[in-house]
Protein chains: 4
Amino acid sequence: MMIVMKPGASAEEIDHVIDRIVSVGARAHVSKGDEVTLIGAIGDREHVQRLELEGVAGVAQVVPILKPYKLSSAQMGGGERSVFEIGGRRIGGEHFAMIAGPCTVESREQVLETAEAVKNAGAAMFRGGAYKPRTSPYAFQGLGQAGLRLLAEAKEIHGMPIVTELMDVRDLDAVLEVADVVQIGARNMQNYTLLSEIGRSGCPVLLKRGLSATLEELLMAAEYILKEGNEKVMLCERGIRTFETAYRFTLDLMAVPVLRQLSHLPVVVDPSHAAGRRDLVLPLSLAAAAAGADGIIVEVHPNPEEAICDGPQALRADEFADYAAAVERAAAVAGKAFTHA
Amino acid sequence: MMIVMKPGASAEEIDHVIDRIVSVGARAHVSKGDEVTLIGAIGDREHVQRLELEGVAGVAQVVPILKPYKLSSAQMGGGERSVFEIGGRRIGGEHFAMIAGPCTVESREQVLETAEAVKNAGAAMFRGGAYKPRTSPYAFQGLGQAGLRLLAEAKEIHGMPIVTELMDVRDLDAVLEVADVVQIGARNMQNYTLLSEIGRSGCPVLLKRGLSATLEELLMAAEYILKEGNEKVMLCERGIRTFETAYRFTLDLMAVPVLRQLSHLPVVVDPSHAAGRRDLVLPLSLAAAAAGADGIIVEVHPNPEEAICDGPQALRADEFADYAAAVERAAAVAGKAFTHA
Amino acid sequence: MMIVMKPGASAEEIDHVIDRIVSVGARAHVSKGDEVTLIGAIGDREHVQRLELEGVAGVAQVVPILKPYKLSSAQMGGGERSVFEIGGRRIGGEHFAMIAGPCTVESREQVLETAEAVKNAGAAMFRGGAYKPRTSPYAFQGLGQAGLRLLAEAKEIHGMPIVTELMDVRDLDAVLEVADVVQIGARNMQNYTLLSEIGRSGCPVLLKRGLSATLEELLMAAEYILKEGNEKVMLCERGIRTFETAYRFTLDLMAVPVLRQLSHLPVVVDPSHAAGRRDLVLPLSLAAAAAGADGIIVEVHPNPEEAICDGPQALRADEFADYAAAVERAAAVAGKAFTHA
Amino acid sequence: MMIVMKPGASAEEIDHVIDRIVSVGARAHVSKGDEVTLIGAIGDREHVQRLELEGVAGVAQVVPILKPYKLSSAQMGGGERSVFEIGGRRIGGEHFAMIAGPCTVESREQVLETAEAVKNAGAAMFRGGAYKPRTSPYAFQGLGQAGLRLLAEAKEIHGMPIVTELMDVRDLDAVLEVADVVQIGARNMQNYTLLSEIGRSGCPVLLKRGLSATLEELLMAAEYILKEGNEKVMLCERGIRTFETAYRFTLDLMAVPVLRQLSHLPVVVDPSHAAGRRDLVLPLSLAAAAAGADGIIVEVHPNPEEAICDGPQALRADEFADYAAAVERAAAVAGKAFTHA
């Protein structure tokens, strides 16, 4: 940590800062310049982070030097990218996971039909929501436990690992009975209660970036999970909020290579929610795969016009095989191959 | 709801849209133009909202006409602004509530000293956090139940209503024992579990706007609480995320007059978190009061340099009386007077 | 255009709006609903756009139905994508143009060495700045006319079309002597004087999106050029401003497929400025090409460490061939091939 | 400037950075920590800024310590706020300037009627646009020279200083004949040609913040003007672009106190453009004045329903006196008084 003193900081003010640094067990390196004095606080990361020097007399600026996250950092990976095995499928490194399924579990027929289609087209995992976070309290909130049972049936029949969202800690046990990967939605990225509990469960997590979260905040949210001993966190970019009104969210594909530099954790992209429109899903998926994403999570429906929720952005089940083949070619450009059971 | 058909939409496509509108119990008004056909879906709000026509063949655009919130809307207030009485203090209409206290409950001495200072200076309510949402899992997370007990003691001694944050539904009963107003933090604005439970409790709520939430989303979050029968929701602007790096968040004071147009609910401003710096708190508070806010929630500490959390943004307890007097003058410009017990 | 009247709008207010619509030569279609009355203004686009009904008594909302741009719209292309031929190279449709060269023209050696390297690696055009818009008045502002002469020499020797920026209308003639494509920078996207003059010149234009411009505003800026009779406008995405601080700008790759839907004009991506870092340029370029971009404009330098300006984001000239080959594979995924002379 | 080396930076890499620092005439202070080495580059501001060390081998991060602007900085003001006298009116320090008039000059009657109304209500200066930057090339672009002549007439009759916009350097002489203050619009904030020329003219400038410009960029734009010897620059906040769709722009009132800390230059607020709606202008103006703005520039029209441009946001001339009186009360809360001739 680097402390920049104000131009006219007094010797007492400088000494006070040095004392504070020493008091947490760190060392202070002082550089007196013509205009300002700089003080480096050097020592153990956790000690230094305990310093709260902003606003202290004579202090102009506090510049963090080390990243505030540790377990999710690239250094923790020792230069290797994490590869997770989930129900026999791999994600990370050279392994690209196609995760597909309906936005919301609606009916037995819908679930089984979609699962069959995406499995045949090479999808690695099956996604489907039983609990749905909805902006409006008047909107459909998901089938709940009945939805979980349908996912369990699809898993039994088609053998694909299940990705499904958890919103309420009180539903954790029920969700864990069927989920191979628990999804934490964008709105809950900083729901620390949820993060800690899912961390304790040990179940693999797909953690979606909040819609105006920085990458550092996303990694800090991952840190809440990792800190409880759960190492299997996948980071998911799903679009951020900007001033642009031509699309629902702005898919931030720069996050893909940058997260892969900052962290050893796999990076997944959700093109469906950002776009909100089916016709953008293919080009965005190709771009995500070419940018080096470790997987895609995409919405598919046998009959999108009849979908209860988010139909306009769902790929048609009967067109999914062509879509998946194109994504596979784009992933190959980035040196990755689809994972299969 | 207005449906704009694509320029070349076929008669079948137009008829299909009309059928969908009729099927939910609404009526369709068709206007055929030279370039496009417009179809108005007219009827009961809840019926019409159930239509999901985006992405349907031939549809270019779906334009919502009615607001998606109801109970929080200005119309529901019948042209009157809601006034809530909380522990003998009023907020809303002509009543301006100064809510002050430390960011975090740290010690008995800190709590009681601050409570006395802000009470003497005319504050209406006392704020203090026992449960703290922190970006880093390594940071101090609040005193929890011990903190709640200190707040209870301050309430007993100084008689001010208590505002404190709830993060985990499992802490609801403990928080309700001491809180006169439950605060829902920005990160939890769309934690629907929390919103519904606090709605059922009936306890007044201070609902903070998420840091990239639109005003409509804030009102939809309020709707989750109101829908459970809890009418006492105060909306709180606390800064949004923008590209600007000179301050932590950008306090959106336009939200004050606009929320007051859209909704009958009181609007409170939190200048401390947006600024992150003590010296901005006064000008922002004056601006908020002059803009017509119904209250301010501000951080005060007897010794900010020693604060565990967010010290740099806390007003000094011994300077609070001058601050409050200035805010009272600014509120008067907007036709409001401080509320007192 | 659709006018939504306020719930309690009077008959007089409704009649007044109808009169205004009729007065500009359009027709009014009225739909009276249970809660609100909707009035469609239907007629010639330019007539209808002249209506300014916001704020008129009784009007709640004015919803534009037609896009405000015409010549740049996809409809104007008649369903075909524009293909431009510039110095024997093609851009648009199936033709992908790699545009490469230094950020800034610094010296004869630097220009010629870079031109040779990028030409040999398959670049279609050569870029280089003689006039540089710099945030700081104290920074290097470009070589000016001397820089133009070096570009002219590179063109003579290597035969590649030249892309260079124009900032001041008074430099137009000098720039046109050497430029095959005139670049309008992001800061000048709404410099209407410049747009109109370059429109009159007839010279092909690379129009960069302003750093917080919507796609509609970008197309309106293109419209200023097209309106003067200049049909050769290429749209360029170069990163937008968001709250994220991990990178300089957020490259908005959703703009690629969406601009290709809205407009017939070719879409080019500049990965260098958004990234600000060399190591992000390759993944972003692959993503841009896979998303369907019609070209890339990228910075290359023989010795980036010695570059006067933006060295950290420049690709090394001796690594450019590998880079270009990878981009060519990504473009193939989107059905495009590199254009050559 | 502080250079943070990468954890594994070699001795050669560190020495290379030190050599670069020394080569521009600065001194290097090295602090070797357990994890990283920090190097402070200390010396003359302009020398140090010439260093471009990002991307150099071994360098992790370059942290600027000094602000890149000089003439516009608070330090240059020597702790005093600048007060400008323009046509006998003062702005800055304790002097608050109300600048009012129509968005666009439309007719002799409109101009003179508005000028009389705002003068009688205590406005210090008269604003009106003869050249209008319009997003659409099909929209009304202003009366041009005829508009300037009407402004000259209003000045002669009512004696108020004139504020009017310049868009094209080629119109500079014509504008200077009538303008007491030249306005640079938000779209031209980084039109460096225009900034330098207006700097050379010596005429006072109202410089509007670009709609996604940071405060630092605004001050750098001011620096372009100040550098040419023109000291009279007023900074103008007029709303920034955010994700919020409930209003046209988000008026950033935090910019008022922060600009007043960073710079000695007066700060003016334009509430009309941000709001886009008349009913928000009063609360935003009160907030701006209470926050400490040195002036307001606001749109007024004798008959807003008939305005050619931006009528919905114009205050009615016959209501302006009440508006101005309210703003005067809010300015008093911040310790300021209206300036008069």
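The values are calculated or read from the model by the stated rules, or taken from the named source; none is laboratory data. In this text, all values refer to a predicted model and were calculated from it rather than measured experimentally. Here Cβ is always computed from backbone atoms with ideal geometry, including for glycine, and neighbour counts include all displayed protein chains. What goes into the accessible areas is simple: the full protein's heavy atoms, side chains included, and nothing from ligands, DNA or RNA. Shrake-Rupley method; radii C 1.70, N 1.55, O 1.52, S 1.80 Å.
Scan the range C:60-73 and report the pairs whose first residue is farther than 16 Å from C:Leu215 by Cα and whose second residue is among the β-branched types (Val, Ile, Thr) and in a strand (DSSP E or B), with Cβ atoms within less than 7 Å and a gap of 6+ or a chain change.
C:Ala60/C:Val4; C:Gln61/C:Val4; C:Val62/C:Ile3; C:Val63/B:Val63; C:Val63/C:Val4; C:Ile65/B:Val4
For the range B:251-266, give me each residue that is surrounded by fewer than 24 Cβ atoms within 10 Å (Cβ to Cβ) and facing chain D (nearest Cβ under 7 Å).
Initially, the range B:251-266 is screened for residues surrounded by fewer than 24 Cβ atoms within 10 Å (Cβ to Cβ), giving B:258, B:260-262, B:264.
The one that is surrounded by fewer than 24 Cβ atoms within 10 Å (Cβ to Cβ) and facing chain D (nearest Cβ under 7 Å): B:Val258.
Which of the residues spanning the range A:216-243 are touching a residue at least 60 places away in the same chain (Cβ under 8 Å), outside any strand (DSSP E or B) and either surrounded by 22 or more Cβ atoms within 10 Å (Cβ to Cβ) or within 13 Å of chain B (Cβ to nearest Cβ) (or both)?
Answer for the range A:216-243, where residues must be touching a residue at least 60 places away in the same chain (Cβ under 8 Å), outside any strand (DSSP E or B) and either surrounded by 22 or more Cβ atoms within 10 Å (Cβ to Cβ) or within 13 Å of chain B (Cβ to nearest Cβ) (or both): A:Glu216, A:Leu219, A:Met220, A:Ala222, A:Glu223, A:Leu226, A:Lys227.
Is it the case that B:Glu113 is within 30 Å of B:Glu306 (Cβ to Cβ) and open to solvent by 30 Å² or more (accessible area, probe 1.4 Å)?
Details: within 30 Å of B:Glu306 (Cβ to Cβ): yes; open to solvent by 30 Å² or more (accessible area, probe 1.4 Å): yes.
Criteria met by B:Glu113.
Name the residues in the range A:122-138 that are open to solvent by less than 30 Å² (accessible area, probe 1.4 Å) and modelled with pLDDT under 95, would you?
Filtering the range A:122-138 for residues open to solvent by less than 30 Å² (accessible area, probe 1.4 Å) gives A:122-130, A:132-133, A:136-137.
Scanning the range A:122-138 gives A:Gly122, A:Lys132, A:Pro133, A:Ser136, A:Pro137.
Being touching a residue at least 40 places away in the same chain (Cβ under 8 Å) and in contact with a Leu (Cβ under 8 Å, 6 or more places away or on another chain) is the filter; apply it to the range C:197-215 and report the residue that is surrounded by the most Cβ atoms within 10 Å (Cβ to Cβ). Break it down stepwise before answering.
Our first condition is that a residue be touching a residue at least 40 places away in the same chain (Cβ under 8 Å); within the range C:197-215, this holds for C:204, C:206, C:208-209, C:215.
Now restrict to residues that are in contact with a Leu (Cβ under 8 Å, 6 or more places away or on another chain): C:209, C:215.
Numbers: C:Arg209: 24, C:Leu215: 22.
Filtering first and then ranking leaves C:Arg209.
Please specify each residue of the range A:189-215 satisfying the condition of being in a helix (DSSP H, G or I) and more than 17 Å from C:Thr242 (Cβ to Cβ).
Of all residues in the range A:189-215, those in a helix (DSSP H, G or I) come to A:192-201, A:215.
Result: A:Tyr192, A:Thr193, A:Leu194, A:Leu195, A:Ser196, A:Glu197, A:Ile198, A:Gly199, A:Arg200, A:Ser201.
When you scan the range D:310-318, do you find a residue that is among the charged types (D, E, K, R), buried (at least 24 other Cβ atoms within 10 Å of the Cβ) and in contact (Cβ under 8 Å) with a residue 60 or more places away in the chain, even just one? Even if it seems obvious, please write down each step before you answer.
From the range D:310-318, those among the charged types (D, E, K, R) are D:310, D:316, D:318; that's our starting set.
Cutting the leftovers down to buried (at least 24 other Cβ atoms within 10 Å of the Cβ) gives us none.
Checked the range D:310-318: no residue is among the charged types (D, E, K, R), buried (at least 24 other Cβ atoms within 10 Å of the Cβ) and in contact (Cβ under 8 Å) with a residue 60 or more places away in the chain.
Checking D:Glu12 against (1) within 14 Å of chain C (Cβ to nearest Cβ); (2) within 30 Å of D:Val233 (Cβ to Cβ); (3) at pLDDT 90 or above, only one condition comes out false. Which one?
D:Glu12 satisfies all of (1) within 14 Å of chain C (Cβ to nearest Cβ); (2) within 30 Å of D:Val233 (Cβ to Cβ); (3) at pLDDT 90 or above except (2).
I need the full set of residues from the range C:240-267 which are farther than 17 Å from C:Arg187 by Cα and among the hydrophobic types (A, V, I, L, M, F, W, C), in order please.
Within the range C:240-267, C:Phe243, C:Ala246, C:Leu253, C:Met254, C:Ala255, C:Val256, C:Val258, C:Leu259, C:Leu262, C:Leu265, C:Val267 qualify.
Across the range B:124-170, what is the number of residues that are touching a residue at least 12 places away in the same chain (Cβ under 8 Å), facing chain A (nearest Cβ under 9 Å) and outside any loop (DSSP other than H, G, I, E, B)?
Here the count works out to 1.
For B:Ala246, indicate whether it is of a type in the set (A, V, I, L, M, F, W, C), within 13 Å of chain D (Cβ to nearest Cβ) and part of a loop (DSSP other than H, G, I, E, B). Let's see the steps before the verdict.
Details: of a type in the set (A, V, I, L, M, F, W, C): yes; within 13 Å of chain D (Cβ to nearest Cβ): yes; part of a loop (DSSP other than H, G, I, E, B): yes.
In short, yes.
Tell me, please, whether a residue that is open to solvent by 10 Å² or more (accessible area, probe 1.4 Å) and in contact with a strand residue (DSSP E or B) (Cβ under 9 Å, 6 or more places away or on another chain) can be found in the range D:278-290.
Yes, some residue in the range D:278-290 is open to solvent by 10 Å² or more (accessible area, probe 1.4 Å) and in contact with a strand residue (DSSP E or B) (Cβ under 9 Å, 6 or more places away or on another chain).
Of D:Val111, D:Val63, which residue is of a type in the set (Val, Ile, Thr) and farther than 25 Å from D:Ala174 by Cβ? Can you show your working first?
Numbers: D:Val111 fails: farther than 25 Å from D:Ala174 by Cβ.
Result of the check over D:Val111, D:Val63: D:Val63.
Of the numbered conditions (1) modelled with pLDDT of 95 or more; (2) crowded, with 21+ Cβ neighbours inside 10 Å, C:Leu176 fails exactly one; give the number of that condition.
Against the list (1) modelled with pLDDT of 95 or more; (2) crowded, with 21+ Cβ neighbours inside 10 Å, C:Leu176 comes up short only on (2).
For the range C:70-86, which residues satisfy the criterion of being of a type outside the set (A, V, I, L, M, F, W, C), modelled with pLDDT of 90 or more and crowded, with 16+ Cβ neighbours inside 10 Å?
Once the filter is applied, which keeps residues that are of a type outside the set (A, V, I, L, M, F, W, C), modelled with pLDDT of 90 or more and crowded, with 16+ Cβ neighbours inside 10 Å, the range C:70-86 yields C:Ser72, C:Ser73, C:Arg81, C:Ser82.
Within the range B:58-80, count every residue that is in contact with an Asp or Glu (Cβ under 8 Å, 6 or more places away or on another chain) and within 26 Å of B:Ala290 (Cα to Cα).
Summing the residues that are in contact with an Asp or Glu (Cβ under 8 Å, 6 or more places away or on another chain) and within 26 Å of B:Ala290 (Cα to Cα) in the range B:58-80 gives 1.
For residues that are aliphatic (A, V, I, L, M) and open to solvent by 30 Å² or more (accessible area, probe 1.4 Å), scanning just the range A:319-332, find the one that is farthest from B:Val56 (Cα to Cα).
Going through the range A:319-332, the residues aliphatic (A, V, I, L, M) turn out to be A:321, A:324-327, A:330-332.
Now drop any that are not open to solvent by 30 Å² or more (accessible area, probe 1.4 Å), which leaves A:321, A:325, A:332.
Details: A:Ala321: 22, A:Ala325: 26, A:Ala332: 34 Å.
So the residue we want is A:Ala332.
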